[in-house]
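Here's the structure, in structure tokens; my notes come after.
The values are calculated or read from the model by the stated rules, or taken from the named source; none is laboratory data. Everything numeric in this text was worked out from a predicted model, so none of it was measured. Please note: Cβ atoms are built from the backbone with ideal geometry, for glycine as well, and neighbour counts cover all protein chains shown.
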There are 2 protein chains.
Amino acid sequence: MTENIIGIDLGGTMVKIGIVDPKNGILKKDEIETKIELGFERVVERICQKITEIVDISNVRAVGVGSPGSIDHDKGIIKFSPNFPDWNNVPLKAEIEKHLRLSVFIENDANSAALGEKWFGEGKGKDHIVVLTLGTGIGGGVITHGKLLTGNTGIGAELGHMIVDPHGPICGCGNYGCLEAMASATALIRYANEGRKRFPESKIFELEKQRGVLGAREIFDAYRLKDRLATRIFETFVEAMSVGITSIIHIFNPQVVILGGGMSKSADLFIPKIREKVDMRAIPSFLGTFEIVGSKLGNDAGILGAAAIALENL
Amino acid sequence: MTENIIGIDLGGTMVKIGIVDPKNGILKKDEIETKIELGFERVVERICQKITEIVDISNVRAVGVGSPGSIDHDKGIIKFSPNFPDWNNVPLKAEIEKHLRLSVFIENDANSAALGEKWFGEGKGKDHIVVLTLGTGIGGGVITHGKLLTGNTGIGAELGHMIVDPHGPICGCGNYGCLEAMASATALIRYANEGRKRFPESKIFELEKQRGVLGAREIFDAYRLKDRLATRIFETFVEAMSVGITSIIHIFNPQVVILGGGMSKSADLFIPKIREKVDMRAIPSFLGTFEIVGSKLGNDAGILGAAAIALENL
């Protein structure tokens with residue numbers, strides 16, 4: 001019997017699809033535009049069509065889908081998602097099952113990232129794993145005693161909305177000083193824009209001009225060049241991450257804290273600094289009990305995480 | 001067959017012992033002085049002697065022990081405990097089993113408090129419970145998806161050492177701005193003493209003089225009298241608790257956050273204020289998913305928690 005799983009990484013712009021062997025990872029992958037303007041049923045139909053084009057369904061055991069937003073895993077619905085503003089309580093699981101006649105399991109993208117690390121990444125063989133996905137926002141996924149922590153109504157593990165500094169800037173969630181408000185790419189870009197008038201000569205803005213874009217990467221690259229504004233932003237980022245991760249370690253006593261998401265491309269730069277600060281802060285009995293590492297799954301994290309949702313449930 | 005359990009609440013000064021019926025709670029209880037100066041073996045011998053005096057051992061199914069400090073539940077040892085400075089890696093479980101020939105289970109006191117609430121208190125019938133024990137320090141116990149969260153090396157759920165304000169005062173753990181450093185009785189007393197010179201006429205110090213003691217209770221009572229210094233301390237306490245509990249709710253998505261420990265005697269005073277602030281801070285999708293309540297177990301919390309350790313493991 002086949003063990004292969006289809007992993008669907010449902011993004012607002014693109015849908016990534018992969019056939020995943022539980023032991024060896026991705027066998028084949030492809031992607032299509034999401035085209036949300038076509039409406040829920042049509043989007044799902046297009047995804048299923050694409051799947052049947054790239055794989056013989058009879059060789060597939062199950063399907064996993066990772067999606068941003070608030071997911072009801074048990075009911076198989078997307079309750080709401082920032083990426084799909086018109087999709088409220090849509091029956092994603094049932095709709096895909098109708099087309100493919102395979103078991104389908106869905107989970108939000110940060111939980112999916114945690115499962116992906118457990119099955120394919122830096123969490124392999126571990127039962128106590130915390131994943132932070134660093135990007136536009138900061139997502140959290142927690143595996144404790146081998147099981148995904150989702151909480152009472154399935155919306156837990158919002159580690160991006162731990163308050164790391166009550167005097168910090170306002171967050172998208174309405175709170176002040178959440179980790180996400182202090183250390184997401186959005187926060188870093190906001191810090192840069194706030195500094196633009198005072199530091200018009202900053203290398204951040206040189207890079208922005210050259211590349212036509214201002215993101216976390218431009219700020220990290222300017223920091224590598226010892227730029228003054230970029231250094232202040234970098235230090236603020238490292239400080240907030242260190243406070244958050246210290247609390248995470250005291251709370252979960254994990255074996256590993258894995259930093260994923262788009263910003264993890266610069267992990268080599270900030271992980272040693274964060275590690276140093278966390279080691280200075282953690283309660284002595286916790287020293288040596290944890291690692292802090294960057295995700296190695298790169299662009300495949302979404303597909304592998306999605307496949308892991310199904311693997312975890314089979 | 002009997003279902004009764006012996007619960008032992010091992011304190012630095014007193015040991016409380018109770019016979020507990022899983023359905024109806026404490027049937028009988030007693031206490032003896034700990035007398036740690038007698039040494040580990042003799043202390044355990046005295047406890048077991050007391051037990052055989054108050055109960056017919058043949059009517060007991062198992063024994064649970066809650067102890068402060070770092071406990072290795074699996075090995076059944078106290079690794080170290082602030083209350084028993086000379087007890088390092090002592091085999092508490094084996095030593096009691098030797099005397100009583102009953103199964104013995106041990107856990108630290110904050111985890112024990114969480115189990116006590118699950119079996120006998122405000123967490124009954126719930127699978128997602130967070131307990132904060134507010135006293136000299138702040139302990140944390142977490143039940144998530146029905147299971148006690150202890151972490152990879154058994155030292156997790158240190159919710160008192162979440163950082164709630166990185167600019168806050170130094171904590172006993174060496175960190176700055178832990179919940180414990182901002183909101184424990186020790187913190188409140190420190191705030192009062194810091195204000196003594198400026199507010200010598202504060203009702204806090206009147207009460208201290210009358211009662212011969214300065215604790216959290218004197219500060220809360222002075223707050224009831226609208227004392228100025230006590231009000232500032234109270235507001236600082238409520239603010240720190242609200243920040244910590246908001247993060248806890250985002251992390252664990254619990255059904256209930258239970259405030260126990262000695263300070264919970266004044267819970268009527270501070271829970272409505274904390275609740276109001278947490279409701280203003282929590283992400284909207286979390287509103288209505290949680291309660292914040294005071295423990296109702298009072299002075300029996302230790303014995304019931306200890307018995308619950310055994311019940312949880314049988």
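Assorted remarks:
- Tally of residues being touching a strand residue (DSSP E or B) at 6+ places or on another chain (Cβ under 6 Å), farther than 18 Å from B:CYS178 by Cβ and not aliphatic (A, V, I, L, M) across the range B:253-262: 2
- Each residue in the range B:151-162 was checked for being touching a His at 6+ places or on another chain (Cβ under 7 Å) and within 7 Å of another protein chain (Cβ to nearest Cβ), and 5 of them qualify.
- Flag for B:GLU218 being of a type outside the set (Val, Ile, Thr), more than 14 Å from chain A (Cβ to nearest Cβ), more than 30 Å from B:LYS23 (Cα to Cα) and part of a helix (DSSP H, G or I): yes
- Taking the criterion of being surrounded by fewer than 23 Cβ atoms within 10 Å (Cβ to Cβ) and assigned to a helix (DSSP H, G or I), the residues of the range B:230-260 that qualify are B:THR231, B:ARG232, B:PHE234, B:GLU235, B:THR236, B:VAL238, B:GLU239.
- Scan of the range A:275-314 for residues that are assigned to a helix (DSSP H, G or I) and within 14 Å of chain B (Cβ to nearest Cβ), ordered by number: A:LYS277, A:VAL278, A:ASP279, A:MET280, A:ARG281, A:PRO284, A:SER285, A:PHE286, A:GLU312
- Scan of the range A:82-99 for residues that are touching a Ser or Thr at 6+ places or on another chain (Cβ under 8 Å) and farther than 12 Å from A:VAL43 by Cβ, ordered by number: A:GLU97
Table: residues versus (1) among the hydrophobic types (A, V, I, L, M, F, W, C); (2) in contact with a strand residue (DSSP E or B) (Cβ under 6 Å, 6 or more places away or on another chain).
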position	(1), (2)
B:VAL90	yes, yes
B:ALA94	yes, no
B:LYS98	no, no
B:LYS118	no, yes
B:THR133	no, yes
B:GLY139	no, yes
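- Of the residues examined, B:THR144 is not one that is of a type in the set (Ser, Thr, Tyr) and surrounded by fewer than 23 Cβ atoms within 10 Å (Cβ to Cβ).
- Any chance A:GLY64 is over 15 Å from the mean Cα position of the chain (by Cα), surrounded by 24 or more Cβ atoms within 10 Å (Cβ to Cβ), under 30 Å from A:PHE40 (Cβ atoms) and more than 9 Å from every other protein chain (Cβ to nearest Cβ): yes
- Candidate set: the range B:123-147, residues that are more than 30 Å from B:LEU214 (Cβ to Cβ) and part of a loop (DSSP other than H, G, I, E, B); chosen: the one nearest to the other protein chains (Cβ to nearest Cβ): B:HIS128
- The range A:45-61, residues that are surrounded by 16 or more Cβ atoms within 10 Å (Cβ to Cβ) and either outside the structural domain of A:ILE309 (by TED's automatic domain parsing) or not in a loop (DSSP other than H, G, I, E, B) (or both): A:GLU45, A:ARG46, A:ILE47, A:CYS48, A:LYS50, A:ILE51
Residue by residue, here is whether (1) away from every other protein chain (no Cβ under 11 Å); (2) on the phi > 0 side of the Ramachandran plot holds:
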position	(1), (2)
B:LEU149	no, no
B:GLY168	no, no
B:GLU180	no, no
B:THR186	yes, no
B:ILE204	yes, no
B:GLY212	yes, yes
B:ARG224	yes, no
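Yes/no matrix, rows are residues, columns are (1) more than 22 Å from A:ILE129 (Cβ to Cβ); (2) in contact (Cβ under 8 Å) with a residue 60 or more places away in the chain:
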residue	(1), (2)
A:GLY12	yes, yes
A:PRO22	no, yes
A:LYS28	yes, no
A:ILE51	yes, no
A:VAL55	yes, no
A:ALA110	no, no
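- Yes/no for A:LYS79 being touching an Asp or Glu at 6+ places or on another chain (Cβ under 6 Å), surrounded by 15 or more Cβ atoms within 10 Å (Cβ to Cβ), without any contact (Cβ under 8 Å) to a residue 60 or more places away in the chain and not assigned by TED's automatic domain parsing to the domain that holds A:GLY141: yes
- Some residue of the range B:177-200 being surrounded by fewer than 23 Cβ atoms within 10 Å (Cβ to Cβ), assigned to a loop (DSSP other than H, G, I, E, B), without any contact (Cβ under 8 Å) to a residue 60 or more places away in the chain and of a type in the set (S, T, N, Q): no
- Residue in the range B:81-91 that is away from every other protein chain (no Cβ under 14 Å), in a helix (DSSP H, G or I) and under 15 Å from the mean Cα position of the chain (by Cα) present: no
- Residue within the range B:276-285 that is closer than 22 Å to B:PHE120 by Cα and touching a helix residue (DSSP H, G or I) at 6+ places or on another chain (Cβ under 7 Å) present: no
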